[in-house]
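Peer 1: Supplied in structure tokens, the structure appears directly below.
The values are calculated or read from the model by the stated rules, or taken from the named source; none is laboratory data. Because the structure is predicted, anything quoted here is derived from the model rather than measured. When we count neighbours, we look across all protein chains shown, and the Cβ atoms used for this are built from the backbone with ideal geometry, even at glycine. In case anyone asks, the SASA skips ligands and DNA or RNA and just uses the protein heavy atoms, side chains included. Shrake-Rupley method; radii C 1.70, N 1.55, O 1.52, S 1.80 Å.
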Amino acid sequence: MYYECIPTTCTYCGCGCSVVLQVLDGHLVGVLPGKTNPVNEGSLCIKGWTSHEFVYREKRLKNPLVKKDGVFFETGWEEALDTVAGKLKKIKEESGADSIAALASAKCTNEENYLMQKLMRAAIGTNNIDHCARL
Amino acid sequence: MFGSGAMTNSIAELEDSKCIFIIGSNTSEAHPLIANRILRAKAKGAKIIVADPRKIHIAFYADIHVRQNLGTDVALLNGIMNIIISKGWQAREYIEARTENYAVLQESVANYPPEKVSEITGVSVQDLNAIAEAYAKAPSASIVYAMGITQHTTGVDNVKSLANLAMLCGRVGAESCGVNPLRGQNNGQGACDMGALPNVYSGYQRVDDEEVGKKFDAAWGAQLSRKPGLTLMDMMHAIEEGQVRALYIMGENPVVSDPNRAHVESVLKKVEFLVVQDIFMTETAQYAQVILPGVSFAEKDGTFTNTERRVQRVRKAIEPVGNARPDWQIICSLSDMIGYPMNYNEAGEIQDEIKSVTPSYGGITYARLDGDGLQWPCPTSEHPGTKFLHKERFTRGRGLFSAIAFKPPAEASDNEFPLMLTTGRNFVHYHTGTLTRQSRSLDDEQKEGYAEINPLDAHKYGISKRDRIKVVSRRGAIEIKPEITGRVPEGILFIPFHFAEAAANALTIDALDPVAKIPEYKVCAVRIEKVA
Ligand code: SF4
């Protein structure tokens, strides 16, 4: 039996409480509040205490999906990424970079948001990037 | 205004504030741990003022609770400032030394005498006086607001009015004071800071500024566009007109989160190529041609920035579920295939790059984030981070007062749609419910959507708590169960927006604030019918 505690940050609201994820043999089993953090000082709300519960739900997407004739099929990463990259390149060639747009996410990390805007701006060549959570 | 959409002060400082003015924030339900601080402040003798049409939880702890008519915040705030100026409670030295344009403010709020404001807002003159006195006279005073302020056609006006009020009383740039927006989502602050916006790179550096553009051209080795891009709402329209052919959505569910659901769905059906990256099959993902499975916060490394500008670590605790991959790795692979290689071995290397091109994050490294994180601005590797903003001077130099006139909401009630609808969160669920409704404990607490309705209205329409009602607006209709409660005043309905099958946003209006392009989720006209 191997038990680990990983300090991290709650995934729900903008308070940003510090949480400790409890991991037993590589499996996420629970959440504890971070004690010393000035934001929450050892408390959590009901969302924070239960923030591990959605992680293993059966409905998690486990493989890329591609739609054919209106139905989704599971596929490998190579094929899925190839389809996306190919199609984006084609649309850019035909209609210009500004015919492509992206929405980044207030739920993703800073690094991911940074890379998403870099992808759109540097790789595609457009400033069509926004997210859904304008305050 | 004084620039930047983050809390000027820190969460912990709220505890020592002597007056906390909460407007448009259901703090206990949407930001429970910030509400805790407010309750502690109260225990230490702070006066709590709540301005909210609903009798929300935090209102029970308020010294003054006023229920202003929906969409009348500008009038309310102008009225409060009118009283402060006429009593001579404004911070004269501060105004002189640190602000400009005061005469303009003075002139504009002169048009809002208490009696007139009372008529517009439904708040008594006595309460207006009490708020003005409490806020202006306390040794320290904080303003706390959330989407109840921003999600209006007058959202920017509302925010500017709060800034006016705070500067009028010298409450910006001082400890336990400030203007403090609470971000709804865990990394709403970070998404903005990182340049997930059409007009700025990370750190709010403008894409149409030639200097900035050159810097990023060099840093990224690309010839970058100087033309600001499309906002979310503009993207929707551009898709309808065939100008945008491909849309890539990462970790968002606009079908449920955005106003006017029917419109969003028709747009997603129309776009030629839709890619959705998410951890669950969302309502939005259904419309995609390709779905890429990302991972949860437990399965990746990175940082989030909270509503008080604190950058904190997210640490990988478990391996990705199934064949899902961290979102940053997916973006890198895609970029490689498009012909613009992105070489990062780990998330920390991305932060090293962010630091090199983003002045406010310039001193932030993973090593320094161990512990309690760092609050930006943190420009250098020795800088300790910034507890509250605008201490000596404003970002723009002097704080700028602006004259703001009251404008009524885009939609008013009439004979056909006699009730007003407002939307928000409840304490169990989060946003579109993609995550929380997959959590057994949270789903058990609140399985289904509901509409709060005042007992007098329930009586008028012959509705009992066992009925189901149909709520109809000019844009759509939903069936939902009523919750008969005095929490909402007569004439107002409240629906939380977490539930896709009874989506409040099927009803709401997509009239936008002309500047911030935030939709008016908070006010629209509806009627109700009993479902037979
Ligand atoms: S524990 Fe609750 S209050 Fe803290 S960040 Fe998570 S959701 Fe917000």
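Peer 1: For a test of the definition: using alpha carbon positions, the gyration tensor, and the 1.5 limit on a/c, classify chain B as rounded, prolate or oblate. Mind dumping the intermediate values first?
Peer 2: On the way: a/c = 1.65, a/b = 1.12, b/c = 1.46.
In terms of gyration-tensor shape, oblate.
Peer 1: Keeping the other protein chains in place, figure out the carbon and sulfur percent of the accessible area of the protein assembly as shown, with a 1.4 Å probe.
Peer 2: Details: 11750 of 23390 Å².
About 50 percent, which is the carbon plus sulfur part of the accessible surface.
Peer 1: In segment B:336-361, whose amide N lies under 20 Å from the spot 7 Å out along Cα-to-Cβ of B:GLU319? List them in ranges.
Peer 2: B:346-347
Peer 1: Using a 1.4 Å probe and counting only protein heavy atoms, arrange A:LYS118, B:LYS42 so the residue with the most accessible area comes first. It would help to have the intermediate numbers written out before the result.
Peer 2: Values: A:LYS118 15, B:LYS42 70 Å².
Ranking A:LYS118, B:LYS42 by accessible area, largest first, yields B:LYS42, A:LYS118.
Peer 1: Another one. Starting from 0.36 nm per residue, how many nanometres of slack lie between B:ALA110 and B:GLU382 once their C-alpha separation is accounted for? Could the numbers behind the result be given before it?
Peer 2: Numbers: separation 272, 0.36 × 272 = 97.92 nm, distance 4.77 nm.
So the extension gain works out to 93.2 nm.
Peer 1: State, to one decimal in nm, how far the label point of B:LYS470 lies from the label point of B:GLN223, with both points 7 Å from Cα in the Cβ direction.
Peer 2: 5.8
Peer 1: Count the net charge of all other residues whose Cβ sits under 11 Å from the Cβ of A:THR75, scoring Lys and Arg as +1 and Asp and Glu as -1. Before the final figure, lay out the partial values.
Peer 2: Details: positive: A:LYS67, A:LYS68; negative: A:GLU74, A:GLU78, A:GLU79, A:ASP82.
Net charge around A:THR75: -2.
Peer 1: Now, a different point. So what is the calculated 222 nm ellipticity per residue for the protein assembly as shown, using -39500 (n - 2.57) for each DSSP H run with n of 4 or more, over all residues, to the nearest 500 deg cm²/dmol?
Peer 2: Values: 23 runs with 200 residues, N = 667.
Rounded to the nearest 500, the figure is -8500 deg cm²/dmol.
Peer 1: To continue, here is another question. Could you please put B:GLU479, B:GLU392, B:GLU529 in sequence from largest to smallest accessible area, using a 1.4 Å probe? Don't skip to the answer; put the middle values down first.
Peer 2: On the way: B:GLU479 90, B:GLU392 145, B:GLU529 70 Å².
Putting B:GLU479, B:GLU392, B:GLU529 in descending order of accessible area: B:GLU392, B:GLU479, B:GLU529.
Peer 1: Additional query: In a shell of Cβ-Cβ distance under 15 Å around B:GLY339, excluding B:GLY339 itself, what net charge do Lys and Arg (+1) and Asp and Glu (-1) give? Kindly include the intermediate steps, with their values, before the conclusion.
Peer 2: On the way: positive: A:LYS87, A:LYS89, A:LYS90, A:LYS92, A:LYS118, A:ARG121; negative: A:ASP82, A:GLU93, B:ASP336.
Charge balance near B:GLY339 sits at +3.
Peer 1: Shifting gears a bit: Taking 0.36 nm per intervening residue step and subtracting the Cα-Cα distance, what contour gain separates B:LYS215 from B:ALA262 on full extension? Write out the running numbers ahead of the final one.
Peer 2: Numbers: separation 47, 0.36 × 47 = 16.92 nm, distance 4.19 nm.
Length difference between fully extended and current span is 12.7 nm.
Peer 1: Taking H as built 1.01 Å from N, whose amide H comes closer than 5 Å to the amide H of B:GLU483, not counting residues under 5 places away?
Peer 2: B:ALA451, B:GLU452, B:ILE453
Peer 1: At 1.4 Å probe size, what's the solvent-accessible area of B:HIS237? Round to the nearest 10 Å².
Peer 2: Rounded to the nearest 10, that gives 80 Å².
Peer 1: Of B:LYS116/B:LYS160; A:LYS62/A:LYS90; A:LYS35/A:LYS62; B:LYS227/B:LYS269; B:LYS300/B:LYS355; A:LYS35/B:LYS316, which ones are farther than 31 Å apart at the Cα? Intermediate results must be reported in sequence, preceding the final value.
Peer 2: Values: B:LYS116/B:LYS160 21 Å; A:LYS62/A:LYS90 28 Å; A:LYS35/A:LYS62 34 Å; B:LYS227/B:LYS269 28 Å; B:LYS300/B:LYS355 20 Å; A:LYS35/B:LYS316 19 Å.
Result: A:LYS35/A:LYS62 exceed 31 Å.
Peer 1: Please get the size of the charge dipole for the protein assembly as shown, origin at its Cα centre, with Cβ charges of +1 on Lys and Arg and -1 on Asp and Glu, quoted in debye to the nearest 20. Please report the intermediate quantities before stating the final value.
Peer 2: Details: 74 positive and 80 negative charges, 218 e Å.
Around 1040 debye, computed over the protein assembly as shown.
Peer 1: Which of the GluC sites (Glu not before Pro) found in segment B:212-278 are in a DSSP loop and have at most 15 neighbouring Cβ atoms, other than their own, within 10 Å?
Peer 2: Values: sites: B:GLU240, B:GLU241, B:GLU252, B:GLU265, B:GLU272; in loops: B:GLU241, B:GLU252, B:GLU272.
When the GluC sites (Glu not before Pro) of segment B:212-278 are filtered for loop state and at most 15 Cβ neighbours within 10 Å, B:GLU241, B:GLU272 remain.
Peer 1: Once the Cβ-Cβ distance between B:HIS237 and B:ARG393 is put in as r, and R0 is 41 Å, what FRET efficiency do you end up with, to the nearest 0.05?
Peer 2: Rounded to the nearest 0.05, the efficiency is 0.55.
Peer 1: What aspartates and glutamates sit close enough to A:LYS89 to cross-link, taking a C-alpha to C-alpha distance under 17 Å and skipping anything fewer than 8 places away on the same chain?
Peer 2: Candidates past the 8-residue exclusion: A:GLU78, A:GLU79, A:ASP98, B:GLU272, B:ASP336.
Peer 1: Once the Cβ-Cβ distance between B:ALA405 and B:VAL125 is put in as r, and R0 is 25 Å, what FRET efficiency do you end up with, to the nearest 0.05? Before the final figure, lay out each step's value.
Peer 2: Working: r = 21 Å, r/R0 = 0.83.
Computed FRET efficiency for B:ALA405 and B:VAL125 comes out at 0.75.
Peer 1: Additional query: Given 0.36 nm per residue, what is the gain on full extension from B:GLU416 to B:ALA97 after removing their alpha carbon distance, in nm? Let's see the in-between values first.
Peer 2: Working: separation 319, 0.36 × 319 = 114.84 nm, distance 5.29 nm.
Answer, rounded to one decimal: 109.6 nm.
Peer 1: Cα to Cα, under 16 Å, and not fewer than 8 places away if on the same chain: which aspartates and glutamates meet these conditions relative to B:LYS407?
Peer 2: B:ASP73, B:GLU119, B:ASP157, B:ASP513, B:GLU520
Peer 1: Which of the listed residues, A:ALA102, B:VAL156, B:HIS237, is farthest toward the dipole's positive end in the protein assembly as shown, when Lys, Arg count +1 and Asp, Glu count -1 at the beta-carbon?
Peer 2: Of the options given, the answer is B:VAL156.
Peer 1: Please list, by residue number, every one of the trypsin sites (Lys or Arg not before Pro) in segment B:376-418 that is coil in DSSP and has at most 11 other beta-carbon atoms within 10 Å. Let's see the in-between values first.
Peer 2: Working: sites: B:LYS387, B:LYS391, B:ARG393, B:ARG396, B:ARG398; in loops: B:LYS387, B:LYS391, B:ARG393, B:ARG396, B:ARG398.
Nothing satisfies the criteria.
Peer 1: Something else about it: Below 17 Å, Cα to Cα, which aspartates and glutamates can B:LYS530 reach? Residues fewer than 8 away in the same chain don't count.
Peer 2: Output for B:LYS530: B:GLU416, B:GLU452, B:ASP457, B:ASP467, B:GLU479, B:GLU483.
Peer 1: For the full complex of protein chains and a 1.4 angstrom probe, list B:ARG226, B:ARG171 by accessible area with the highest value first. Intermediate values should be presented prior to the final figure.
Peer 2: Working: B:ARG226 55, B:ARG171 15 Å².
Accessible-area ranking of B:ARG226, B:ARG171, largest first: B:ARG226, B:ARG171.
Peer 1: Report the Cα-based extents of the protein assembly as shown along its three principal axes, largest first, to the nearest Å.
Peer 2: Reported extents, whole Å, longest axis first: 69, 67, 57.
Peer 1: A follow-up question, please. Quick one: go through segment B:214-239 and flag any residue whose amide nitrogen is under 19 Å from the point 7 Å out along the Cα-to-Cβ line of B:GLU272.
Peer 2: Only B:230, B:235-239 fall inside the zone, counting backbone N under 19 Å.
Peer 1: In the full protein assembly as shown, how much of A:VAL19 is accessible to a 1.4 Å probe, in Å² to the nearest 10?
Peer 2: 0
Peer 1: Additional query: Loop only by DSSP, 16 or fewer other Cβ within 10 Å of the Cβ. Give me the trypsin sites (Lys or Arg not before Pro) in segment A:1-59 that pass, ordered by residue number. Please report the intermediate quantities before stating the final value.
Peer 2: Values: sites: A:LYS35, A:LYS47, A:ARG57, A:LYS59; in loops: A:LYS35, A:ARG57, A:LYS59.
Sparse-neighbourhood loop trypsin sites (Lys or Arg not before Pro): A:LYS35, A:ARG57, A:LYS59.
Peer 1: How big is the Kirkwood radius of segment A:3-49, worked out from every pair of different alpha carbons and given in Å to one decimal?
Peer 2: Numbers: mean 1/r = 0.0938 Å⁻¹.
That comes to 10.7 Å for segment A:3-49.
Peer 1: Under a point-charge model restricted to the Cβ atoms of Lys and Arg (+1) and Asp and Glu (-1), what is the dipole moment magnitude of segment B:11-178 relative to its Cα centre, in debye to the nearest 20?
Peer 2: Working: 16 positive and 17 negative charges, 79 e Å.
That gives a dipole near 380 debye.
Peer 1: Let me ask something else. How much of B:VAL104 can a 1.4 Å solvent probe reach, expressed as accessible area in Å² and rounded to 10?
Peer 2: 60
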